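Report on one structure; see the data block that follows.
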Amino acid sequence: MPTPLEQWVEEQAQLCQPQRIYWCDGSEAEARHLIQIGIKEESINGTPVFQELNQTRWTGAYYHRSHPTDVARVEHLTYICHPEKETAGPNNHWMAPAEAKKLMTGLSQGCMKGRTMYVLPYMMGHPDSPYAKACVQLTDVSYVALSMRIMTRMSQEVIGRIGARQDFVKGLHSVGDFDPNRRYIMHFPEENFVWSVGSGYGGNALLGKKCFSLRIASCQGYREGWLAEHMVIAGIEDPSGRITYVTVALPSACGKTNLAMLESALPGYKVWTLGDDIAWLNVGEDGRLYAINPETGFFGVAPGTSLKSNPNMIRTLQGKRFFPTLFTNTALDRDRNEPWWEGLDGDMPRHIVDWQGKSWDPSQGTKAAHANSRFTASAYNCPTLSREFDNPKGVPISAIILGGRRTRLIPLVTEAFDWANGVFLGARTGSETTAAAAHQIGALRRDPMAMLPFCGYNMGDYFGHWLSVGRRLKNPPKFFSVNWFRTDEQGKFIWPGFGENIRVLKWMLDRVDGKISARKTPLGYVPHLSDFDMSGLNLSSEQMQALFAVNPQEWPEELSDIEKYLNQFGPRLPQQIKAEYAKLVQQMGA
Ligand code: GTP
Ligand code: SPV
Ligand code: MN
């Protein structure tokens, strides 16, 4: 008798008609074999799936060039297929499950002809964690199989763990013919099932990541009383050696990876990395909020990454413990056969090949690396990995930090008045869009808790869920907002950011520990400048004031945009959030 898993794989194979089926065991030997298959046997758009890079300087590094139309998440082609449209909410594209399945069946018929179907058994979360989930993804490209080996805990043991169960998380992925008109990312939360065709790009194709660990998992969390969030998890060690754990939600390409492994500009402080993208938050037996990272790797933005901005990521990328490290759509230094991108340290190489494989001439004004070019690297190669990383219980969280990319209005840091005010702070957060998704870049949009593209159900209910989790906590974390991106009249960032962000974290720790008071504004508490550690940093007092300024006369437009956004949720918007909005309006004197 076949198991439900074997039966499911067989049914998908009948639909997709691969030439062969390959069950992966997640071993390093297998990874080395799949790299060779990617180099010698598989291609995308006429280019081999992998190209070996200079192994002396970049151990275990391989290069992947995607199809040129397939370089980012596609929010407009991403659907949540609940039986009721209302459950998906105004924050999601919706299709009825039966209609979506019909469409996807048509697109999947024979889509793996002549290709290999890889069966990837993996865990999201440490296998010993009560919060971990057993999953299986099918895919038809070695790049996705290897990326999943880096990003998840892939092993044959997962198959035994699933055994005769039907309720494992399922993902069916095919790159299809890369035609953007035949590209869809469909989610079926009732069945723990993701079906993705037509894209090989990370967030569209690594189905354990955004598709399961955020969109589907957020629905599971809503039903079961926990939260799946687009958050960093980090430990901040103070000079006494004490470590305080925080989570940080920032929209895509707004600084999570940088913050997760920040190298402190203040002596005595150190940041320990637990995760750079996804956190699952549970109420522990002691009534505290605990966070685990379901992932084991970083799928991070390459441009701008350097020894100056993020030295620990450069060290991770050159790390040797875990094989392999992948680079996607960066440029290449042709002479040294190394990855290259704008902002990387050192002199500009003499011969650069751009992300599309063409010889690059800087005078043409184009970028050599795609703005959303990324690396895939194991957390086990990260020199700042926390010793709690594999703790199945996770770490207790003392502060929840929320932010966005705002050139105006939003101070460098504020602290919410209480939990409900913190949830409202998250709900009203706006951010300017980035290259992480295919859309206009730099447009302001509301991105509550950095979850707009990732919340798998109605965000009105999501705000209510956050409020209800707060009611179950004995010692709730404080909420803070951050904004590294405020600009001056010349359009320059006022705050130096990166390693200097430790100063903001230090202020938060002092607030969590009740060591200092703060100044009340309509948006929350901001630092007294005398409490904010500026030692060794050259910012004028005008600049500091500009960073923390809250000017009510600049707020009417923002307030009406927030109101318009929140009103979309109609009766599903919690009363408490409406009350917080009314309070803000009143305090702004609007
Ligand atoms: P995803 O992986 O897309 O979820 O995003 P992420 O939040 O991890 O993005 P990442 O940390 O890779 O952000 C990259 C972008 O943020 C680059 O453009 C960086 O230059 C910019 N960035 C990160 N930290 C700072 C900072 O402190 N100040 C400024 N000005 N820019 C920053
Ligand atoms: C993001 O866009 O937020 C990412 C990259 O972290 S992806 O996994 O592609 O979604
Ligand atoms: Mn992300």
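The values are calculated or read from the model by the stated rules, or taken from the named source; none is laboratory data. Please read all numbers here as calculations on a predicted model, not as lab measurements. Don't worry about glycine lacking a Cβ; one is built from the backbone with ideal geometry, like all the others, and counts go over all protein chains shown. Quick note on the areas: whole protein, heavy atoms, side chains included, nothing else; ligands and nucleic acids left out. Shrake-Rupley method; radii C 1.70, N 1.55, O 1.52, S 1.80 Å.
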Tilt relative to the chain, helix 4-16 - C-alpha long axis, 0 to 90 degrees, to 10:
70 degrees
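Quick one: work out the % antiparallel among DSSP beta bridges in the chain, nearest 5.
Numbers: 64 of 98 bridges.
If we restrict to bridges inside the chain, about 65 percent are antiparallel.
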Tilt of helix 459-471 relative to the longest C-alpha principal axis of the chain, in degrees (0 to 90, nearest 10)?
60 degrees
Using a ≥ b ≥ c from the Cα gyration tensor of segment 298-381 (square roots of the eigenvalues), is it rounded, prolate or oblate, where a/c under 1.5 gives rounded and otherwise the larger of a/b and b/c decides, a/b for prolate?
prolate
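State the dimensionless ratio Rg/Rh of the chain (Rg: radius of gyration of Cα atoms; Rh: Kirkwood radius). Intermediate results must be reported in sequence, preceding the final value.
On the way: Rg = 23.3 Å, Rh = 24.5 Å.
Over the Cα atoms of the chain, Rg/Rh equals 0.95.
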What list of ³J(HN,Hα) couplings, whole Hz, do you get for segment 315-325 from phi and the Karplus terms 6.51, -1.76, 1.60, once you set θ to phi - 60° and write x for glycine and proline?
5, 4, 5, 9, x, 10, 5, 10, 10, x, 10
Based on alpha-carbon centroids, what's the gap between segment 189-237 and segment 262-310 in Å, whole number please?
17 Å
To the nearest 500 deg cm²/dmol, what mean residue ellipticity at 222 nm is calculated for the chain from DSSP H runs of n ≥ 4 alone, each contributing -39,500 (n - 2.57), summed and divided by the residues?
-7000 deg cm²/dmol
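Suppose all protein chains stay in the model; what accessible area per residue would a 1.4 Å probe give for the chain, in Å²? Show your work: numbers first, answer last.
On the way: 22420 Å² over 590 residues.
Result: 38 Å² of accessible area for each residue.
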Placed amide H near Phe480: partners under 5 Å, 5+ positions off or other chain:
Ile400, Ile401, Leu402, Ala416
Once phi is turned into θ = phi - 60°, what whole-Hz ³J(HN,Hα) does the Karplus curve with 6.51, -1.76 and 1.60 give for every residue of segment 543-560, x standing for Gly and Pro?
5, 4, 4, 5, 5, 9, 5, 10, 10, x, 5, 8, 9, x, 5, 4, 4, 6
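Rounded to the nearest 20 Debye, what is the dipole magnitude of segment 54-151 about its Cα centre when Lys and Arg each give +1 and Asp and Glu each give -1 at the C-beta?
Numbers: 10 positive and 7 negative charges, 80 e Å.
It works out to roughly 380 debye.
What number, in percent, do you get for the relative contact order of the chain if the mean sequence gap of Cα pairs under 8 Å and at least 6 apart is divided by its residue count?
15 percent
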Which Cα, out of Leu573, Phe493, Ala549, lies furthest along the positive dipole direction of segment 484-590 (beta carbon charges, K/R +1, D/E -1)?
Leu573
Kirkwood-Stokes translational diffusion coefficient of segment 501-561, alpha-carbon pairs, 10 °C, 1.306 mPa s, µm²/s
121 µm²/s
Enumerate the whole-percent occupancy of each 10 Å bin, from 0 to the last occupied one, for all C-alpha pair distances of segment 470-519.
20, 38, 29, 11, 2
Cα centre as origin, Lys/Arg/Asp/Glu Cβ charges: the chain dipole, Debye
240 debye
Over segment 298-381, relative contact order from alpha-carbon pairs under 8 Å, at least 6 apart, %:
45 percent
Spatial extent of segment 127-167: Rg and Dmax, with the Cα atoms as the point set, Å:
11.3, 31
Compare the Cα positions of Ala13, Ser386, Gly514 along the charge dipole of the chain (+1 at Cβ of Lys, Arg; -1 at Cβ of Asp, Glu; about the Cα centre) and return the one farthest towards the positive end.
Gly514
Between Val141 and residues 5 or more places away or on another chain, the pairs with built amide H atoms under 5 Å apart involve Tyr118
Quick calc, Thr47 & Gln440: beta-carbon distance into FRET formula, R0 30 Å, rounding 0.05, result 0.55
Given the alpha-carbon gyration tensor of segment 62-170, what are the semi-axes of its equivalent ellipsoid in whole angstrom, ordered largest first, with each equal to the square root of 5 times an eigenvalue?
25, 22, 16
Once Lys and Arg get +1 and Asp and Glu get -1 on their Cβ, which of Asn258, Gly456, Ala371 lies farthest toward the positive end of the dipole of the chain?
Gly456
What is the Cα centroid distance between segment 146-182 and segment 346-412, reported in whole angstrom?
25 Å
Hey, can you grab everything whose amide H is under 5 Å from the amide H of Ala96? Only 5+ residues off in sequence or another chain; H modelled, so Pro and N-termini drop out.
none
Positive minus negative residues near Val49 (Lys, Arg vs Asp, Glu; Cβ under 14 Å)
-2
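Quick one: length gained pulling Trp23 to Ser560 fully straight, 0.36 nm per residue minus the C-alpha distance? Each step should come with its number before you reach the end.
On the way: separation 537, 0.36 × 537 = 193.32 nm, distance 5.37 nm.
Here the answer is 188.0 nm.
Carbon and sulfur together cover what percent of the accessible area of the chain at a 1.4 Å probe radius? Each step should come with its number before you reach the end.
Details: 10830 of 22420 Å².
Summing carbon and sulfur atoms, their accessible area is 48 percent of the total for the chain.
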Taking Lys367 as the anchor, which lysines have their alpha carbon closer than 18 Å to its alpha carbon, excluding any fewer than eight residues away along the same chain?
Lys358
Using the structure shown, list the pairs from Lys209/Lys393; Lys210/Lys564; Lys478/Lys520; Lys478/Lys515 with a Cα-Cα distance above 22 Å, or answer none.
Lys210/Lys564
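Using alpha-carbon pairs under 8 Å, 6+ residues apart, how would you state the relative contact order of segment 234-288 in percent? Could you put the intermediate results ahead of the total?
Values: 65 pairs, mean separation 20.7, N = 55.
Normalised by residue count, the contact order of segment 234-288 is 38 percent.
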Please determine, in degrees from 0 to 90 and to the nearest 10, the orientation of helix 97-108 with respect to the longest principal axis defined by the Cα atoms of the chain, where the helix direction is its Cα long axis.
50 degrees
